[in-house]
1. Tally up the residues in region 12-67 that are touching a Lys or Arg at 6+ places or on another chain (Cβ under 7 Å) and assigned to a helix (DSSP H, G or I), please.
2. Show me the strands (runs of 3 or more DSSP E) found entirely inside region 141-258 where at least 1 residues are small (Gly, Ala, Ser), out of contact with any helix residue (DSSP H, G or I) (no Cβ under 7 Å at 6 or more places or on another chain) and closer than 21 Å to GLU97 by Cβ.
3. Looking only at region 66-79, count every residue that is in contact (Cβ under 8 Å) with a residue 12 or more places away in the chain, open to solvent by 40 Å² or more (accessible area, probe 1.4 Å) and not hydrophobic (A, V, I, L, M, F, W, C) and tell me the total.
4. Can we say ALA28 is in contact (Cβ under 8 Å) with a residue 60 or more places away in the chain, small (Gly, Ala, Ser) and open to solvent by less than 70 Å² (accessible area, probe 1.4 Å)?
5. Out of region 147-166, which residues are open to solvent by 50 Å² or more (accessible area, probe 1.4 Å) and either within 20 Å of ALA216 (Cα to Cα) or basic (Lys, Arg) (or both)?
6. Looking at this structure, is ASP180 in contact (Cβ under 8 Å) with a residue 40 or more places away in the chain and of a type in the set (Asp, Glu)?
7. Among the residues of region 197-227, which ones are of a type in the set (A, V, I, L, M) and surrounded by fewer than 17 Cβ atoms within 10 Å (Cβ to Cβ)?
8. Give the residue that is surrounded by the most Cβ atoms within 10 Å (Cβ to Cβ), with candidates limited to residues of region 167-196 that are among the charged types (D, E, K, R) and within 16 Å of ALA209 (Cα to Cα).
Amino acid sequence: MRNNLDQARGAKFVGAVESAVTVLRYLAHAATPAGVASIARETGLNVSTTFNILRTLAKEGLVAFETASKTYSIALGVLEFSAPLLGTNQVDLIRPELERLSTEHNSLIGLWKVAPNDRIVLVDRVAGVNMIRVDMPTGTRLPAFIGAVGRCIAATRKLPAKDLEARFRRLRWQAPPRFDDYAADVAAAGKRGYAFDYGQLFKGVDTVAAVIRDHAGEARFGISGIAIAGQLPWPALAALGRDIHKTAEHISVSFYGRALESTRRRETRPPARTTKRLAAKA
């Protein structure tokens, strides 16, 4: 993923390298080998350019060419680059993205692991040194369906309304939302890919979050942006949500090997119950 700071500073990128990476990503997620014309069409590249890229990648052992069908597929050569990372802690690999999110959005960024006992555990957090912020120690444990991360996890489970309500009734909030509002938030998270909590889990704290999902769509980690209520005006909080979602999707593809279903990134205003409070504190 490109660093937005580099883009802002006018950094220049090599188009040929970007095109080669685009082809490799396509082949990595393709269900079957593909021909040059098909790859060019799907990636939006010129056929001649695609052919030259594929021929070069095949020479380097990164893609395989099947003579009979004249198709290409990903090859074992790519493992040369991934092997050094296979034993690395996933949290360590995610941390640079947490640092970027914290720096660019002036927020505390938390990484939550979805535990087997239907809890979430804070395994990492990053905050800028000069920001006024709330804090939360690593190791903090919460029920899986609570807060902004919990709404996103609930969206991945797609429970019937009766089961969702039963789970909701067992949650303990400082300022509990109504179940109808919570269910609407879960549905919205399923559509746009991220969710909000406006001082309901913890009074005076606004949170936006998205989840990292595996190849089956199950939530494995959650990323949350946490700020003192009113510290981030609505447009900034929404921008943080979009960036967290984009980052979570990128990590999902990188860790679990398959692109996930795209979500409709529809811009939604805060619920009417919170609009007045946000406007007063922005």
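The values are calculated or read from the model by the stated rules, or taken from the named source; none is laboratory data. The shown structure was predicted, so the numbers you read here are calculated from the model rather than taken from an experiment. Counting neighbours? That spans all protein chains shown, and the Cβs are built from the backbone with ideal geometry, glycine included. In case anyone asks, the SASA skips ligands and DNA or RNA and just uses the protein heavy atoms, side chains included. Shrake-Rupley method; radii C 1.70, N 1.55, O 1.52, S 1.80 Å.
1. Filtering region 12-67 for residues touching a Lys or Arg at 6+ places or on another chain (Cβ under 7 Å) gives 29, 35.
From what is left, the residues that are assigned to a helix (DSSP H, G or I) are 29.
Qualifying residue count, region 12-67: 1.
2. Working: elements: 141-143, 195-198, 205-213, 219-228.
Strands (runs of 3 or more DSSP E) meeting the threshold: 219-228.
3. Start the filter on region 66-79 by keeping residues that are in contact (Cβ under 8 Å) with a residue 12 or more places away in the chain, which leaves 66, 69-78.
Okay, now just the ones that are also open to solvent by 40 Å² or more (accessible area, probe 1.4 Å), so 66, 69-70, 74, 76, 78.
Narrowing the set further to residues that are not hydrophobic (A, V, I, L, M, F, W, C) leaves 66, 69-70.
Within region 66-79, residues that are in contact (Cβ under 8 Å) with a residue 12 or more places away in the chain, open to solvent by 40 Å² or more (accessible area, probe 1.4 Å) and not hydrophobic (A, V, I, L, M, F, W, C) number 3.
4. Details: in contact (Cβ under 8 Å) with a residue 60 or more places away in the chain: yes; small (Gly, Ala, Ser): yes; open to solvent by less than 70 Å² (accessible area, probe 1.4 Å): yes.
So ALA28 fits the description; yes.
5. Passing the criteria: ARG157, LYS158, LEU159, PRO160, LYS162.
6. Values: in contact (Cβ under 8 Å) with a residue 40 or more places away in the chain: no; of a type in the set (Asp, Glu): yes.
No.
7. Taking region 197-227 and keeping what is of a type in the set (A, V, I, L, M), we get 201, 205, 208-212, 216, 219, 223, 226-227.
Once the filter is applied, which keeps residues that are of a type in the set (A, V, I, L, M) and surrounded by fewer than 17 Cβ atoms within 10 Å (Cβ to Cβ), region 197-227 yields only ALA216.
8. At the first step, the residues of region 167-196 found to be among the charged types (D, E, K, R) are 167, 169-170, 172, 178, 180-181, 185, 191-192.
From the residues that got through so far, the ones that are within 16 Å of ALA209 (Cα to Cα) too are 185, 191-192.
Working: ASP185: 23, LYS191: 12, ARG192: 19.
Here the answer is ASP185.
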